[in-house]
Amino acid sequence: MVMLEFFWEIFQTKYIYDTKTDMRTRAREVESKTLDTKRDIRELEEKIDKLSLVCRALWTYVQENHSLSEEDLMEKIKEVDLMDGTADGKLTNRNVLKCKSCKRVVNKRHNKCIYCGSEGKFESIFETL
C-alpha cells in the first residue's frame with residue numbers, strides 16, 4: 001500500500017509540474033498576443049487620426065472654395081450612407097461589388113471579373129481601397 005501511495009504521489013507531482021509549465025506557456029502566449037493586439041490598436045488609432053485630419057482638410061478646402069455649409073455636408077453624408085442600401089452610419093459590403101458587364105458579385109481584390117473577364121468594374125476609386 002505504501003508503494004502505491006508513493007507512485008500516486010509521484011504521478012500527482014508530475015501532473016502538477018506539467019500543468020504549471022503548460023499554464024506558464026499559455027500565459028506567455030496570451031501576453032504576446034495581448035502586446036500584438038495593443039500594437040495593432042495603436043496603429044489603427046494612428047490611421048484613424050490621419051484619416052480624420054485628411055477629412056477635415058478636405059472639408060475645409062471644399063467649404064472655403066465652394067461656399068458649402070455644414071447642412072450640405074450632412075445631406076451628402078446621408079446620401080452616401082444610403083449607397084449601400086442601409087442608413088446605418090457606415091458603409092457595408094465593402095468587399096463585394098457587381099461586375100458592370102455580367103452583374104455577378106465579384107470580390108474587390110480581383111483586378112478583373114472572374115466570371116466574364118471584364119476589367120474596370122469599379123465605379124469609384126473608393127471601391128478599390
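The C-beta contact set for the range 98-116 (first residue more than 18 Å from ASP84 (Cα to Cα), second residue among the aromatic types (Phe, Trp, Tyr), distance under 8 angstrom, 6+ apart or interchain) comprises CYS102/TYR115.
Scanning the range 1-37 for residues that are surrounded by fewer than 10 Cβ atoms within 10 Å (Cβ to Cβ) and either under 40 Å from the mean Cα position of the chain (by Cα) or not in a helix (DSSP H, G or I) (or both) returns a single hit, MET1. Consider the range 106-128 and keep the residues that are in contact with a Phe, Trp or Tyr (Cβ under 9 Å, 6 or more places away or on another chain) and not in a loop (DSSP other than H, G, I, E, B). The one that is modelled with the highest pLDDT is VAL106. Total residues in the range 41-77 satisfying the condition of being under 21 Å from GLY89 (Cα atoms) and not in a helix (DSSP H, G or I): the figure is 1.
Considered as a group, the residues in the range 62-101 that are of a type in the set (Val, Ile, Thr) and under 30 Å from CYS116 (Cα atoms) include one that is modelled with the lowest pLDDT, and that residue is VAL96.
The values are calculated or read from the model by the stated rules, or taken from the named source; none is laboratory data. It should be emphasised that the depicted structure is a prediction, and the values quoted were computed from it without experimental measurement. Here the Cβ is made from the backbone with ideal geometry for all residues, glycine too, and neighbour counts use every protein chain on show.
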